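Just so you know, all these numbers are worked out from the coordinates, no wet-lab data involved. Everything numeric here is computed off the predicted structure, so don't read it as measured data. We place every Cβ from the backbone using ideal geometry, glycine too, and count neighbours over all the protein chains shown.
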Amino acid sequence: MEEQHNKNAQLFFGIISSLGSQAWMQLGKIKNPMTDKIERDIPGATITIDMISMLKDKTEGNLSEEEKSFIDHTIKDLQMNYIVEKEKKDVARLHAMIELFETDLCLAKSLSAYFGEELDYNCQRCSVCIEKEPVKLLSSDLPSLDMLDFHDLVQQLTDIAESPLPVALVTRFLCGIPSPRLFEYKARQMASFSRLEAYPYKTVEKWVQLHNK
């Protein structure tokens, strides 16, 4: 009986470790051993993490303390890293959209290229074609960010976070852009959430980079 119990424990640790390694690979944290390359698959990571969570639910009450601790820590570590990777992807998409509208090229042509299509001519109707200059995301009527107290604005968020706050997360918080981690922190209930939403994202991001130390 004890031998079978030990065998089952080894199988359990093996299954969770295998799924965990697969999820880390899908999150781009370790290389794919078959290709020796980093290959991110965020949707795939979601499924793998859900599978581990399902195994935790199905084995509830049948695990030793060591087994329970192992699967709990595996899920927590994967979920936190999933949130970070998803936020990186969201921020990259946001930057791409900002750069798209700040280009000095015809907006219709730029939008077509963004969605994988090619437009051979300028539309002659967008603001860039008419004004002959890029769209400007202005904040000239707003007070300088240097007049604000950075640490006072992010204090509530800093108090609840378990680790140093990434620049992207703080920027999203101040600009009022939701994310899974901000939802977890109940950031919408904080006084400074979306406090700087009237400022261009890049302006806030640069300001956060200067002060988030």
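Tabulated results
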read-out	value
Nonlocal Lys pairs with alpha-carbon distance under 25 Å, segment 122-213 (8 or more apart, or different chains)	7
Taking LYS58, LYS186 and counting other C-beta atoms within 10 Å, the order from fewest to most	LYS58, LYS186
Separation of alpha-carbon centers, segment 7-29 and segment 138-193, rounded to whole Å	35
Contour minus Cα-Cα distance for GLU131 and MET51 (0.36 nm per residue)	23.4 nm
Answer label for Rg/Rh (Cα atoms, Kirkwood Rh) (calculated), chosen among (1) 1.00; (2) 1.11; (3) 1.08	(2)
Segment 1-101: relative contact order in percent, alpha carbon pairs under 8 Å with at least 6 residues between	26
Gain upon complete extension [LEU210, LYS89; 0.36 nm per residue less C-alpha separation]	41.3 nm
